[in-house]
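One structure is given below, encoded as C-alpha cells.
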Amino acid sequence: MTRAGSPRYAGGMTTLAVVPGSFDPVTLGHLDVIERARNIFDEVHVVVVHNPSKTAMLPVARRVELIEEALREAGLSDGVTVTNWSVGLLVDYCQEVGAKVLIKGIRSEVDVTYETPMAIVNRDLAGIETVFLLPDPAHSHVSSSLVRQVAALGGDVSPYVPGAVSRFMASGDFA
Ligand code: PNS
C-alpha cells in the first residue's frame, strides 16, 4: 500500500537511467558505478549538478569534460551521455529526457543515510525511483571531498581518480 502523496513508480520497464552527482572531481568509484549502471541499462545519462551546499573545486563545464575524457579512456563511452543540470530539480531533468530511474552509488551506511531522504523526495515529486548500486569495495574509502582535500594539500590523488583527472590536476591549467 502506497501512502497518499507518495506516487508509485511513474513508468513501466525502462532502458534509461540517470547517474547524478557533483563529480568534483569524478573518481574511480564514480566510474565503477557508471559502468555497473551501463551494464544494467541500455542508456545512461551522467548529470553534473551544482550542489550549493558544497564549495566547488572545479567549474561544472570542466567536470563534464573530465568525465567524458575518463569514460573515453576507460572504453565506457558507448551508451553514456554526460551533461549538466542547473535549472531546477533533478527530477525535472529526468522528466525532460524521459528517465524513470536514478542511480546512486552506496559505499557505506553513511551513504544510505544521506541518500534515502533524497530518494524518497524524488519519488514523491515525480514517481522517479532510485536504485542503489554498490561499487567495488576497493573504492569504498574514495570520495571527491577526500580527493579535494588531498589535492589542496599537495598530495598525490592518482590512486583515487581516472588518469584524465590526475593529469589535469598536475597541469598548469589547475591552479
Ligand atoms: O555528489 P553529490 O554532491 O552527493 O550529489 C548530490 C546531488 C547533486 C545529486 C543532489 O544534491 C541533487 O539531487 N541535487 C539536485 C537538486 C534537487 O533536485 N533537490 C531536491 C531533491 S533531493
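Nothing in this text is a laboratory measurement; each read-out follows from the coordinates by a stated rule. Since we're looking at a predicted model, the values are computed, not measured. Heads up, the Cβs are rebuilt from the backbone with ideal geometry, glycines too, and the neighbour counts pull from every protein chain shown.
What would the Debye formula give as log10 I(q)/I(0) at q = 0.13, 0.18, 0.19 Å⁻¹ for the alpha-carbon point model of the chain, no solvent?
Computed log10 I(q)/I(0) values: -0.64, -1.21, -1.34.
Given 25 °C and 0.890 mPa s, how large is the Stokes-Einstein diffusion coefficient of the range 34-106 in µm²/s, with Rh as the Kirkwood radius over Cα pairs?
Approximately 185 µm²/s, per Stokes-Einstein.
Amide H neighbours of GLY21 under 5 Å, counting only residues 5+ apart in sequence or on other chains, H built in-plane at 1.01 Å?
It is VAL47, VAL49, by chain and number.
Can you give me the long-range amide H partners of VAL161? Hydrogens built in the peptide plane at 1.01 Å from N, cutoff under 5 Å, separation of 5 or more residues or another chain.
LEU28
Filter the chymotrypsin sites (Phe, Trp or Tyr not before Pro) in the range 1-95 down to the DSSP loop ones having no more than 13 other Cβ atoms within 10 Å, then list what survives.
Hits after loop and neighbour filter: TYR9.
In whole Hz and in residue order, list the ³J(HN,Hα) couplings for the range 36-50 that follow from phi through the Karplus curve 6.51 cos²θ - 1.76 cosθ + 1.60, θ = phi - 60°; x for Gly and Pro.
For the range 36-50, the Karplus curve yields 5, 4, 5, 5, 9, 10, 5, 9, 10, 9, 8, 10, 7, 10, 6 Hz.
Return the Cα extents of the range 71-175 along principal axes one, two and three, sorted largest first, each rounded to a whole Å.
Taking the Cα atoms of the range 71-175, the three principal extents are 43, 29, 26 Å.
How large is the helix-only mean residue ellipticity at 222 nm for the chain, computed as the sum of -39500 (n - 2.57) over DSSP H runs with n ≥ 4, divided by its residue count, in deg cm²/dmol to the nearest 500?
When only DSSP H runs of four or more count, the value is -12500 deg cm²/dmol.
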